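Here is the structure we will look at.
The values are calculated or read from the model by the stated rules, or taken from the named source; none is laboratory data. Please read these numbers as outputs of a predicted model, since none were measured by experiment. Here the Cβ is made from the backbone with ideal geometry for all residues, glycine too, and neighbour counts use every protein chain on show.
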Amino acid sequence: MNQKGTSLLIEALKKEGVDTIFGYPGSYVIDIFDELYQQKDIELILPRHEQALVHEADGYARSTGKVGVCLVTSGPGATNLVTGIATANYDSVPLVCFTGQVPTSLIGNDAFQEVDIIGITRSICKYGVSVRNRNDLGRIIKEAFYIARTGKPGPVIVDLPKDIMLETGDDSYPEEVNIRGYRPVMTVHPKQLEKAVSLLEGAKKPLFLVGGGVTIAGAQEALLKLINLTGIPVVSTIMGKGSIPTAHPNYYGNIGMHGSYAANLALNECDVLFSVGTRFNDRITGKINEFATKAKIIHVDIDPASISRNIVVDIPIVADAKLAIEKLLELVKPFDTRQWLQRINEFKLSSSPMENRELELTPEQIIGKINECFQDAIIVTDVGQHQMWTMKYLEMNPHKKLLTSGGLGTMGYGFPAAIGAKLGNPDKQVICISGDGGFQMNIQEMATASALELPMIICIFNNSYLGMVRQWQELFYGKRYAGTCMRYRRSCSQNCMDETRECPPYLPDFLKLAESYGAYGIRVEAKDQIQSALEQAARNKKAPTIIEFIIGSEEKVFPMVKAGSSLADMIIG
Amino acid sequence: MKKRWIALYVENDIGVLAKIAGLFAGKNYNLDSLTVGTTEDPSISRMTIGLSSDDNTFEQIKKQLNRCIEVIKVIDLTNRPFYSKEILLVKLSNCSREEIEEGFRIASVFGTTIVDYGGDALLMECVQTEAKNNDMVKLLGDKFRSVKIVRGGSAAIDRIN
């Protein structure tokens, strides 16, 4: 009956199967850290910043399918989680974040390191709760894990006042959960599926659109069977990339702002769109009232609120992606899609790059080599141009995983998420593809990766600019590069387009940076150095390797749909 | 834009009201009135929410409310028979003798109660539907110089038949 709160917490974590916890200590969680010190089953990871901490837990969760667990102190420790919580919320990543809190007697006093973290995170998490009674602790932890991983997964915040954690009380941990306001969907409506099938059967140009829900549900195999059985072409969102092998003849790439030419045109022309696990974010729909105008739309999603929000659909199906696809497999027959596939293939051909840039170091060359060298890896991107290049050129197979901040588009996500992925998958090669800007947003994690002796490869695409914004400035803002040059010094002349002047050196020198953290650093400036750099990095088994790829500032991501335009209206380059 | 009514069963817990109000604010939904009180089960509160929206937004609002872990049940009262009343308190001050008499006449005709009276001021209590209270506010605003209004927001329940 009598157990300290801290001790119940650690026992609860073990019962939930937690083997890794991402924690940063402070005065209001020191007792929990003390409890962690006295056990051997859960490894404590110490990142160098709480924002990175939550991205690490996120990368761990996405790459393992387990719940990522964070433990931070009150006040600034908790507020530093905010960006990572929102990131996880947008991409439906299961996290449980424990935040320390001042003792209940001090709450509301503006005490040292007191913030209302439940209030702050209310609109960016799946659920948040403050423990106010020691005897509720077990139930609340149980519910937190259940809510985080079931239904549409998401982050849950549990605020732990110091006095509650020190109080002795009920030592039981419930076996079952019963939350009257939360009943995740566990079934699929057969009538709706039948309607969807009959709509598909009447289609001449059917198309599958797959989003992140397919990966979250683990529906990749079922999807592959469905594609093979029906012969229907398939396109994906950014979050859906990898749910079907990219080499599959029916796969035509991503749709959206930087989608492939063929995928966007196929979407524009299809007559029945069967979409699974996507919320039709504005970056994939382009101009809403010109989205798939010729199509009847079927939409499978586990979240009723995602259905008919942005795009009004004809047949809504509220269900888990895997369950829905498996049931669908029982109902569908092969379709004759030859003509339709041929039509999309024509789009594909008409968009082949004409340029002859064989000798330069281009993003395509780099990602091409990554494809050649690593058939079985976890690729984690940051946010920006390199992310879109990765979406365009990275080949995916069932052994590979791709992690990216799709919904929130959080710069600084990639590197810490890659650390989390490596911790969760020690035997897999983990490759972080980042820009020079995003990498610097959590650059301090070089210490974490080095201290944990994580052999991972960090590919920095260095174009000396915040490239994605620069691309918009070049195309739509008269080449006024406001706040995007990473070589800028205060002593630079106003007219920095003066080509006779040499730009100041880049800050920092990534090779020296790597060295100072006891990591490896390689700079690649020519195409013929890519492969040897990747091979050398793969041989480093005790520490991370930074490969800095020097690419041209003028490299752009194409095709591009201008924000608010129709998907068919692509800038090709 | 159409007037809508929702009855919402929620956990009677700290932060739940903030969660619901925050949802409306954060997603730019229009909230006209919100009342809340505990039900026959003290662990459950019931909210009555009056709002104006188009059809699509209203569907989304109901779904978003349902998504909240703390929300137990969402009932759309808009298209079903329901009984609702709002309390409206009105203080009329700086009244002339004629205005005081007019106040009493209005009260007797419109079925409101004078609950306090002294010198040049009247305190009126109106328990009516929101629409009738709107009319009352308009009428008093037109006729009196100093009108202070306190509105309670509607409470609503579905009818028996």
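From the list A:Ala217, A:Ala196, A:Ala203, the lone residue that is within 20 Å of A:Thr150 (Cα to Cα) and more than 14 Å from chain B (Cβ to nearest Cβ) is A:Ala217. Can you say whether A:Thr246 is under 21 Å from the mean Cα position of the chain (by Cα) and assigned to a loop (DSSP other than H, G, I, E, B), as far as the supplied structure shows? The answer is yes for A:Thr246. For first residues located in the stretch A:57-69 and polar (S, T, N, Q), partners that are surrounded by fewer than 24 Cβ atoms within 10 Å (Cβ to Cβ) and lie 6+ apart or on another chain with Cβ distances below 6 Å form the pairs A:Ser63/A:Lys401; A:Ser63/A:Gly424; A:Ser63/A:Asn425; A:Thr64/A:Gly424. The residue of the stretch A:277-308 that is farthest from A:Ile216 (Cα to Cα), among those that are within 14 Å of chain B (Cβ to nearest Cβ) and β-branched (Val, Ile, Thr), is A:Ile288. Taken across the stretch B:66-75, residues that are farther than 30 Å from B:Asp116 by Cβ, touching a helix residue (DSSP H, G or I) at 6+ places or on another chain (Cβ under 6 Å) and of a type in the set (Asp, Glu) do occur, with at least one present. Among the conditions (1) farther than 20 Å from A:Leu328 by Cβ; (2) within 14 Å of another protein chain (Cβ to nearest Cβ), the only one that A:Ser172 does not satisfy is (2).
The residues listed here are A:Thr79, A:Thr150, A:Thr121, A:Thr83; of these, the one that is within 16 Å of the chain's Cα centre (by Cα) and hydroxyl-bearing (Ser, Thr, Tyr) is A:Thr83. Apart from one condition, A:Lys294 fits all of (1) outside any helix (DSSP H, G or I); (2) farther than 30 Å from A:Ser63 by Cβ; (3) at pLDDT below 95; the exception is (3). In this structure, A:Gly84 does satisfy being touching a residue at least 60 places away in the same chain (Cβ under 8 Å) and in contact with an Asp or Glu (Cβ under 7 Å, 6 or more places away or on another chain). Please name all residue pairs, on different chains or six or more residues apart, with Cβ atoms under 6 Å, provided the first residue is in the stretch B:56-72 and is under 13 Å from B:Gly22 (Cβ atoms) and more than 7 Å from every other protein chain (Cβ to nearest Cβ) and the second residue is at pLDDT 95 or above and assigned to a strand (DSSP E or B). As it stands, the answer is B:Leu65/B:Val71; B:Leu65/B:Val74, since those pairs meet every condition given. Could we say that A:Val185 is farther than 27 Å from A:Asp31 by Cβ, β-branched (Val, Ile, Thr) and not in a helix (DSSP H, G or I) here? Here the answer is yes, as A:Val185 does meet what is asked.
A single entry from A:Ile238, A:Ile227 fulfils the requirement of being of a type in the set (Val, Ile, Thr) and in a loop (DSSP other than H, G, I, E, B): A:Ile238.
Does the stretch B:85-103 contain at least one residue that is over 21 Å from the mean Cα position of the chain (by Cα), over 23 Å from B:Lys132 (Cα atoms), away from chain A (no Cβ under 14 Å) and of a type in the set (Lys, Arg)? There is at least one residue in the stretch B:85-103 that is over 21 Å from the mean Cα position of the chain (by Cα), over 23 Å from B:Lys132 (Cα atoms), away from chain A (no Cβ under 14 Å) and of a type in the set (Lys, Arg).
Only residues that are within 13 Å of A:Lys556 (Cα to Cα) and among the basic types (Lys, Arg) were counted in the stretch A:464-490, giving 1. Scanning the stretch A:309-336 for residues that are within 14 Å of chain B (Cβ to nearest Cβ) and within 24 Å of the chain's Cα centre (by Cα) yields A:Arg309, A:Asn310, A:Ile311, A:Val318.
Sort out for me the strands (runs of 3 or more DSSP E) sitting completely within the stretch B:76-161 that have 1 or more residues that are in contact (Cβ under 8 Å) with a residue 40 or more places away in the chain.
In the stretch B:76-161, B:82-93, B:121-128, B:146-158 are the strands (runs of 3 or more DSSP E) which contain 1 or more residues that are in contact (Cβ under 8 Å) with a residue 40 or more places away in the chain.
Only residues that are away from chain B (no Cβ under 13 Å), under 21 Å from A:Arg183 (Cα atoms) and surrounded by fewer than 21 Cβ atoms within 10 Å (Cβ to Cβ) were counted across the stretch A:124-138, and they come to 0. Here the condition is being within 13 Å of A:Asp159 (Cβ to Cβ) and away from chain B (no Cβ under 14 Å); of A:Thr83, A:Thr87, A:Thr79, A:Thr121, it holds for A:Thr79 alone. Any residue at all in the stretch A:515-534 that's in contact (Cβ under 8 Å) with a residue 12 or more places away in the chain, crowded, with 16+ Cβ neighbours inside 10 Å and part of a loop (DSSP other than H, G, I, E, B)? Yes, the stretch A:515-534 has at least one match.
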